[in-house]
Amino acid sequence: MNLSIELFGIRFKNPVWVASGTFGYGLEAMEIYDISKLGAVVTKGISLRPREGNEPPRIVETPCGMLNSIGLQNPGVEGFLEKIYPKIKDVDTHFIANIFGETEEEYVEVCKALEEAEKVVAYELNVSCPNVKKGGIAFGHDPVTLGGLVEKVRSSVKKPVLVKLSPNVTDITEFAKVCVDSGADGLVLINTLLGMRINLRRERPDLSTKVGGLSGPAILPIAVRMVWEVYERFGGQVPIIGVGGITTYEDALEHVYAGASAVQIGTANFYDPYAPLKVIEGIERFMKERNFKDFRQLIGRSHRLDIKT
């Protein structure tokens, strides 16, 4: 059975990646198992300058998930290249850098700084960040701003550019279209949903920022629906990477059958570091039981079948 997949000119050994912000830069997991077994590692977000992140509390459990408001804490791109990159450059799998900034120029500068880092094969733009030049509206919430960002980054770098779309919009297919038209090489669906919890003992929101990003099993049906809608509209014009609520191989295959060419494991990493490996093994077992020889046979399969039956 062939689990390998070629996307935007890069061959991945399997379609199971780990999601940004849930796996650090892979250093901690390297102490537990061989992360070269993964299809790819998407790094924790990298910005132009170091960030301290938000004040605690910044993580709270929810039914079937969690809320986080970490605030994109990271050492900055120079800190990443000097202190972290030397420790991962010999790992036998691909790394994709999750990138964010407060202006278009910051996104471009971070990507350019990583152009010579061979282990980083692509960029994943986190467009849920506020654009300070546009009054603080998130890049991913305004089509014109989003298109301008994608076009500017795409024209400034050689490596593939993926865009991680926010689900906190009215019609995600419209934002996907903007990305495709602006030259994005891939779409990542979805980022976290906005949510809040109130602590009745303290009589105030649990998070210091009041609102945070909801992830975990609770958002699986929403993520699968959005993958389906984008695939249905664009029919494979651009690869879709499915992320949101995946804890088992069955969850992963829902994304794939809906149209994802690869998947990312996120929140599950917090309580089961071996979850990505279990998903890889589960997909392989599923293919063997169903007599599928190539993983590509599964991508968007539900669109090709008569759903009435």
Near pairs, Cβ below 7 angstrom, 6+ apart or cross-chain, from the stretch 35-54 (free of Cβ contacts under 8 Å to residues at least 60 places away in the same chain and within 18 Å of residue 164 (Cβ to Cβ)) to any residue that is surrounded by 23 or more Cβ atoms within 10 Å (Cβ to Cβ) and among the charged types (D, E, K, R): none
Selection status of residue 216, in contact with a Gly (Cβ under 6 Å, 6 or more places away or on another chain), buried (at least 19 other Cβ atoms within 10 Å of the Cβ) and at pLDDT 95 or above: yes
Selection status of residue 279, closer than 22 Å to residue 9 by Cα, surrounded by 14 or more Cβ atoms within 10 Å (Cβ to Cβ) and modelled with pLDDT of 95 or more: no
Subset of the stretch 158-176 that is touching an Asp or Glu at 6+ places or on another chain (Cβ under 6 Å) and crowded, with 19+ Cβ neighbours inside 10 Å - its residue that is nearest to residue 132 (Cα to Cα): 164
Total residues in the stretch 116-142, condition farther than 20 Å from residue 187 by Cα and touching a Lys or Arg at 6+ places or on another chain (Cβ under 8 Å): 3
Strands (runs of 3 or more DSSP E) enclosed by the stretch 19-95 - at least 2 residues per element that are within 25 Å of residue 208 (Cα to Cα): 59-62, 65-68
Matching residues, the stretch 186-234, being free of Cβ contacts under 8 Å to residues at least 24 places away in the same chain and either in contact with a Leu (Cβ under 6 Å, 6 or more places away or on another chain) or at positive phi (or both): 203, 210
Members of the stretch 105-131 that are in contact with a helix residue (DSSP H, G or I) (Cβ under 7 Å, 6 or more places away or on another chain) and within 23 Å of residue 213 (Cα to Cα): 107, 123, 125, 127, 128, 129, 131
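Results for (1) of a type in the set (Ser, Thr, Tyr); (2) under 28 Å from residue 21 (Cα atoms); (3) at pLDDT below 95; (4) in a loop (DSSP other than H, G, I, E, B), shown as yes or no for each residue.
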| residue | (1), (2), (3), (4) |
| --- | --- |
| 232 | no, no, no, no |
| 236 | no, yes, yes, yes |
| 247 | yes, yes, no, yes |
| 264 | no, yes, no, no |
| 269 | no, yes, no, no |
| 286 | no, no, no, no |
| 297 | no, no, no, no |
| 302 | yes, no, no, no |
| 309 | yes, no, yes, yes |
Output for the stretch 11-51, where each listed residue is among the β-branched types (Val, Ile, Thr), over 19 Å from residue 99 (Cα atoms) and in contact with a strand residue (DSSP E or B) (Cβ under 9 Å, 6 or more places away or on another chain): 16, 35
Selection within the stretch 188-204 - exposed (fewer than 13 other Cβ atoms within 10 Å of the Cβ) and within 31 Å of the chain's Cα centre (by Cα): 198, 199, 204
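Condition check ((1) touching a Leu at 6+ places or on another chain (Cβ under 6 Å); (2) of a type in the set (Asp, Glu); (3) closer than 28 Å to residue 6 by Cβ) across all residues:
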{"residue": "81", "(1), (2), (3)": "no, no, yes"}
{"residue": "84", "(1), (2), (3)": "no, no, yes"}
{"residue": "90", "(1), (2), (3)": "no, yes, yes"}
{"residue": "97", "(1), (2), (3)": "yes, no, yes"}
{"residue": "106", "(1), (2), (3)": "yes, yes, no"}
{"residue": "112", "(1), (2), (3)": "no, no, yes"}
{"residue": "123", "(1), (2), (3)": "no, no, yes"}
{"residue": "135", "(1), (2), (3)": "no, no, no"}
{"residue": "146", "(1), (2), (3)": "no, no, yes"}
Subset of the stretch 121-138 that is under 16 Å from residue 46 (Cβ atoms) and in contact with a Phe, Trp or Tyr (Cβ under 9 Å, 6 or more places away or on another chain) - its residue that is surrounded by the fewest Cβ atoms within 10 Å (Cβ to Cβ): 121
Where a residue in the stretch 285-301 is closer than 20 Å to residue 228 by Cβ and its partner, wherever it lies, is surrounded by 12 or more Cβ atoms within 10 Å (Cβ to Cβ) and of a type in the set (Phe, Trp, Tyr), with Cβ under 6 Å and at least six apart: 300/231; 301/257
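The values are calculated or read from the model by the stated rules, or taken from the named source; none is laboratory data. Source: prediction; values computed, not measured. Cβ sites come from the backbone with ideal geometry, for glycine too, and all protein chains shown count toward neighbours.
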